[in-house]
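A quick write-up on the structure given underneath.
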Amino acid sequence: MKALLCLLLVLSTVAARAQAVTRTSNELGFSFTAPADWEVMDTSAFAKEQARQNANSEEDKKGLGCVDIGFTARHGNPPSVMTEVALPFACYGQQMTEADLPGFASSASAGLAQNFDLGQPVYGLYQLGTHQFWIERVNATVKGQGAIAYTIEIACSVSKKAAVCWMVMAANDSSLASFEQMPVSIDGDAPAALVPQNAFEKKPS
């Protein structure tokens, strides 16, 4: 869904409050604990509608209509932003497997070039518990504002009931580390850091 990254840009301007958050979605089969010092943002219908309007296809619009924006937070100035979005299969009408991860996850970052000048992306595959994760990392600067640099990272997996992606637009190394160290669990696996040190050792085929 090419419009998902628009959510990061929209949500970076939404009002925030500091709050520790543990998100457990029993109906979608995953949980995670977000950093306590990040400011939780109001993920209202406004952000979702803005992203929907930027969608390039009916498939994108359908997917965004089903997207569950479970958590969004920002930290620092310029703000780093992280978010979690899930696509419930019951709403989308299509079951996904780990074989679908590269296509699903890479489409989530396809719209980046509209707003950023991008470096060379790197990709990886890794395992947490019984679940495979696909990850992309790319360095980026905001178009027309070359001094504002970010590391954008997207990690995605599938539970039995949903595809889920965690995304960050990190303005510094500490924000990227906070994102990567966030404990997550899918389908009852033991919680583990979202992005292990060896995440980029195995490359997608």
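The criterion of at least 1 residues that are surrounded by 20 or more Cβ atoms within 10 Å (Cβ to Cβ) and of a type outside the set (A, V, I, L, M, F, W, C) is met by the following strands (runs of 3 or more DSSP E) wholly inside region 109-154: 131-142.
Scanning region 109-133 for residues that are in contact with a Cys (Cβ under 7 Å, 6 or more places away or on another chain) and farther than 18 Å from Leu176 by Cβ yields a single hit, Gly111.
Residues in region 169-205 that are of a type in the set (A, V, I, L, M, F, W, C) and surrounded by 19 or more Cβ atoms within 10 Å (Cβ to Cβ): Met169, Ala170, Ala171, Leu176, Phe179, Met182, Val184, Ile186, Leu194, Val195, Ala199. Only one of the numbered conditions (1) modelled with pLDDT of 95 or more; (2) in contact with a Leu (Cβ under 7 Å, 6 or more places away or on another chain) is violated by Leu128, and that is (2). Of everything in region 64-77 that is modelled with pLDDT of 85 or more and in a loop (DSSP other than H, G, I, E, B), the residue that is surrounded by the fewest Cβ atoms within 10 Å (Cβ to Cβ) is Asn77.
The values are calculated or read from the model by the stated rules, or taken from the named source; none is laboratory data. Source: prediction; values computed, not measured. Cβ sites come from the backbone with ideal geometry, for glycine too, and all protein chains shown count toward neighbours.
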